[in-house]
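Input: a single structure, listed below in structure tokens.
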Amino acid sequence: MIYKEKDFCSWRLEPEQMWEYYDYGLDDTREDDPSIFIYHVAVMDDIRDGYIQLERKFSRSFYIPFDYLDEMLIAASNKSRRSCDYYWGPAIRKNNIGNITSDEENIFGAKSVWVNIGNADPTIPFYQRKKEANTLLANFKRELKKYNITPHFIVSTVTGFTVFFVFENIFFPPFTDWYNIQRALSKMAGGNTQQSDITELVYIPNSHIFQNCKYRKIKIIQTGYYHERNYLGDFNKYYISDFKNILQNYI
């Protein structure tokens, strides 16, 4: 598929253009670098043929090869400053199926489980949703500590959070273990936390959404690794067996 500027904000950028965009607001030297985040959450080291699904305002999908991850994030960040919300799928897609969103048949696998915390009801006042989400997150983290579990990443979605847990195991179809862990964690998180689907799309870090009369940045507020510029650090990933007690108590 050929990507054109009118379709996707000219995401094929030359190196000097990439640094120009970084100077405009993206900082790839900090611990909240979204490309390193997505690499750890989604990209499988031994598998290079899959795609990251990107979607614009839940209306059109793009399938991006891993090699163009940095360019995808720069384009999404800058485009979202002006008009469009962008989302991505943490589970790896098998095939580029054009502008169609993926169903479970096109999911190759996942190396992380994520939980969305917060109430998405737009009729609830903005600051009330933020306050409730902060309380839910604090309680969730406190409950996880009882099982010696700590999230690898937490992304602030302005009025909520997406919490990621990265695994040594890769979850393959039919994704039974993925759904069991996700449902148990969602139940633990409580409140209005909704169970996720493995095809789900979530906000891209460093992109922007229009909330409460202004554009607000999606931020990574907790990372479970250390890295320096051009160096990918590592961290201890979980095994499915690490969640055995949580599954017993919440399924």
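General observations
- Residue within the range 202-211 that is polar (S, T, N, Q) and at pLDDT 95 or above present: no
- When the range 162-180 is limited to residues that are touching a residue at least 40 places away in the same chain (Cβ under 8 Å) and more than 17 Å from the chain's Cα centre (by Cα), the one that is nearest to residue 198 (Cα to Cα) turns out to be 175.
- Looking only at the range 102-127, residues that are farther than 28 Å from residue 241 by Cα and either part of a helix (DSSP H, G or I) or of a type in the set (Val, Ile, Thr) (or both) come to 4 in all.
- Note on the range 128-186: residues that are of a type in the set (Val, Ile, Thr), part of a loop (DSSP other than H, G, I, E, B) and buried (at least 17 other Cβ atoms within 10 Å of the Cβ) total 4.
- If you check 118, 109, 98 for being of a type in the set (Gly, Ala, Ser), out of contact with any helix residue (DSSP H, G or I) (no Cβ under 7 Å at 6 or more places or on another chain) and buried (at least 16 other Cβ atoms within 10 Å of the Cβ), only one passes: 109.
- Single residue of 181, 204, 198, 170 found to be of a type outside the set (S, T, N, Q) and touching a Lys or Arg at 6+ places or on another chain (Cβ under 6 Å): 170
- With respect to (1) in contact with a helix residue (DSSP H, G or I) (Cβ under 6 Å, 6 or more places away or on another chain); (2) modelled with pLDDT under 85; (3) under 21 Å from residue 172 (Cβ atoms), the lone exception for residue 74 is condition (3).
- For residue 166: the one exception among (1) of a type in the set (Val, Ile, Thr); (2) out of contact with any Ser or Thr (no Cβ under 8 Å at 6 or more places or on another chain); (3) under 13 Å from residue 242 (Cα atoms): (2)
The values are calculated or read from the model by the stated rules, or taken from the named source; none is laboratory data. Not measured: the values here are computed from a predicted model. Neighbour counts run over all protein chains shown; Cβ positions are idealised from the backbone, glycine included.
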